[in-house]
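Here the structure is laid out as structure tokens; the discussion comes afterwards.
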Amino acid sequence: MSLPALLEQRLRLPVVAAPMFLISNPQLVLACCRQGVVGSFPALNQRESSGFKAWLEEIEAGLATLENPAPYAVNLIVHNSNPRLQADLEICVEHKVPIVITSLGAVKELVDAVHSYGGLVFHDVTTRRHAEKAAEAGVDGLIAVAAGAGGHAGTWSPFSLIAEIRQFFDKTLLLAGCLNHGHEILAAQLLGADLAYFGTRFIGTTESHAPEAYKEMLLTSKAADIIHTPAVSGVPASFMRQSLEAAGFDMAALQGKGEINFGSKLKPVSDEAKAWKTVWSAGQGVGEIEDLPSVEQLIARLDAEYRKALEQAAQLTKRWPS
């Protein structure tokens, strides 16, 4: 297990709340950090770099009032269709963002820029090949986005994805995919991960920026409602069937490849369904979400479940002694 010094003694639980497009906001980030888990948000959740900078200032001001809060993270889309990458990276360096989460591209120059002030870079991966490239770029952690995850998810089983990454990577490893409960945090650790990466479960909290209709859809959806398709943003991702139908997608044609674009599609209102404003993402674990707690309530529940799972694991060692 490998946990960076930045995270030692600062986490109540080994959990990162994933950055979710159009969902994560300063209120959600601060609520997570206050409760002892890493809170994060995508830089592109603000339409302009000036707004992104203002959010950083708001988060930093909020954290300054807390004693030893968990650190926060920012997600940067490293793709040539994102025209703001360089400007947003410069703002991250200026503010010394503790953790930068990169997606759709691992670039050594970006990693070096974050390392220049002592920050960490965690990178999303869905296959061994992606993980190897990110490791070569010098990232501090890999986020194994396994089958069943929400957002830009992979198709590999967490057993195979974690196992193959651990064959060559001994730094921090995070696991994403269908995580809702405390015992699943322990399961992720037993598989070889250091941290559990929660997404969908945090959409269904009072602090998230998801519309109420989105949250209500979480409560009524099951795993069978999740459709994994590249048709929305060009990258395979998981969405709730009901929202795809409501947005007018041809359900019979969803396996067609869409266009990857994180620049112009963020601006016209007419394109925002394709940029996930009304096409709502969730992972296959959605069928276990039955309520909409506050972050404080959710973390308390996860904590209790995690401690109970540890006790149960100890009992198993007694039942199956060496």
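Rule-based calculations on the coordinates, nothing more; no lab input. These numbers were taken from a predicted model, which means no experiment stands behind them. Backbone-built Cβ (ideal geometry, glycine too); neighbour counts: all protein chains shown.
Considering only DSSP beta bridges with both partners in the chain, what is the antiparallel share in %, to the nearest 5? Walk me through the intermediate numbers first.
On the way: 6 of 35 bridges.
Just about 15 percent of them are antiparallel.
Quick one: grab the alpha carbon gyration tensor of the stretch 130-193, order the square roots of its eigenvalues as a ≥ b ≥ c, and give me rounded if a/c is under 1.5, else prolate or oblate depending on whether a/b is larger than b/c. Walk me through the intermediate numbers first.
Values: a/c = 1.90, a/b = 1.44, b/c = 1.32.
Prolate.
Mind listing the long-range amide H neighbours of ASN25? Cut-off is under 5 Å, sequence gap 5 or more, other chains count too, H placed in the peptide plane at 1.01 Å from N.
HIS209
I'd like the Karplus ³J(HN,Hα) series for the stretch 278-289: coefficients 6.51, -1.76, 1.60, θ = phi - 60°, whole numbers in Hz, and an x wherever there's a Gly or Pro.
Result, ordered by residue: 10, 9, 9, 8, 6, x, 5, x, 4, x, 8, 8 Hz.
What is the packing order of peptides 17-26, 148-157, 77-86, taking the mean over residues of other C-beta atoms within 10 Å and listing the highest first? Mind showing how you got there, number by number?
On the way: 17-26: 25.0, 148-157: 22.2, 77-86: 17.3.
The peptides rank, most packed first, as 17-26, 148-157, 77-86.
At a Förster radius of 51 Å, what calculated FRET efficiency corresponds to the Cβ-Cβ distance of GLN242 and THR127, to the nearest 0.05? Numbers along the way, then the final one.
On the way: r = 29 Å, r/R0 = 0.57.
Taking R0 as 51 Å, the efficiency between GLN242 and THR127 is 0.95.
Please state the shape class of the chain: rounded when a/c is under 1.5, otherwise prolate if a/b exceeds b/c and oblate if not, all from the C-alpha gyration tensor.
On the way: a/c = 1.32, a/b = 1.12, b/c = 1.18.
Because its axes are fairly even, with a/c under 1.5, the chain counts as rounded.
Quick one: grab the alpha carbon gyration tensor of the stretch 193-257, order the square roots of its eigenvalues as a ≥ b ≥ c, and give me rounded if a/c is under 1.5, else prolate or oblate depending on whether a/b is larger than b/c. Before the final figure, lay out the partial values.
On the way: a/c = 2.17, a/b = 1.35, b/c = 1.60.
Because a/c hits 1.5 or more and a/b fails to exceed b/c, the stretch 193-257 counts as oblate.
For the cross-link pairs LYS222/LYS318; LYS215/LYS308; LYS53/LYS108; LYS96/LYS133; LYS222/LYS277, which exceed 30 Å when the distance is taken from alpha carbon to alpha carbon? Write out the running numbers ahead of the final one.
Details: LYS222/LYS318 36 Å; LYS215/LYS308 28 Å; LYS53/LYS108 23 Å; LYS96/LYS133 25 Å; LYS222/LYS277 21 Å.
From LYS222/LYS318; LYS215/LYS308; LYS53/LYS108; LYS96/LYS133; LYS222/LYS277, over 30 Å: LYS222/LYS318.
Could you list which residues have their amide H under 5 Å from that of THR278, counting only those 5 or more apart in sequence or on another chain, with H placed in the peptide plane?
It is ALA273, by chain and number.
Using the basic label-point model (7 angstrom from Cα toward the beta carbon), what is the ALA54 to GLU94 distance in nanometres?
In this crude label model, ALA54 to GLU94 measures out at 1.4 nm.
Can you order the peptides 187-194, 50-57, 234-241, 63-70 by their average number of other Cβ atoms within 10 Å per residue, highest first?
Highest mean packing first, the order is 234-241, 187-194, 50-57, 63-70.
Using the Karplus equation 6.51 cos²θ - 1.76 cosθ + 1.60 (θ = phi - 60°), what ³J(HN,Hα) coupling, rounded to whole Hz, does each residue of the stretch 173-187 give in order, writing x for Gly and Pro?
Per-residue couplings from phi come out as 10, 10, 10, 10, x, 6, 9, 10, 10, x, 5, 6, 4, 5, 4 Hz.
Can you give the FRET efficiency for SER322 and GLU67, using 1/(1 + (r/R0)^6), R0 = 56 Å, r = Cβ-Cβ distance, to the nearest 0.05?
Details: r = 42 Å, r/R0 = 0.75.
Efficiency for this residue pair is about 0.85.
Could you work out how much longer the chain between GLN167 and SER116 gets when fully extended? Use 0.36 nm per residue separation minus the Cα distance between them, nm to one decimal. Mind showing how you got there, number by number?
Working: separation 51, 0.36 × 51 = 18.36 nm, distance 2.83 nm.
Between GLN167 and SER116, full extension yields 15.5 nm more.
HN-Hα J couplings of the stretch 24-41 from phi, Karplus 6.51/-1.76/1.60, θ = phi - 60°, integer Hz, Gly and Pro as x?
For the stretch 24-41, the Karplus-derived couplings read 6, 9, x, 4, 5, 4, 5, 4, 5, 4, 4, 8, x, 10, 6, x, 8, 7 Hz, x marking Gly and Pro.
Restricting to DSSP H runs of at least four residues, report the calculated mean residue ellipticity at 222 nm for the chain, -39500 (n - 2.57) per run over all residues, nearest 500 deg cm²/dmol.
Values: 11 runs with 115 residues, N = 322.
Helix contribution divided over all residues of the chain: -10500 deg cm²/dmol.
Over what distance in Å are the Cα centres of the stretch 1-49 and the stretch 51-87 separated?
For the stretch 1-49 versus the stretch 51-87, the Cα centre distance is 9 Å.
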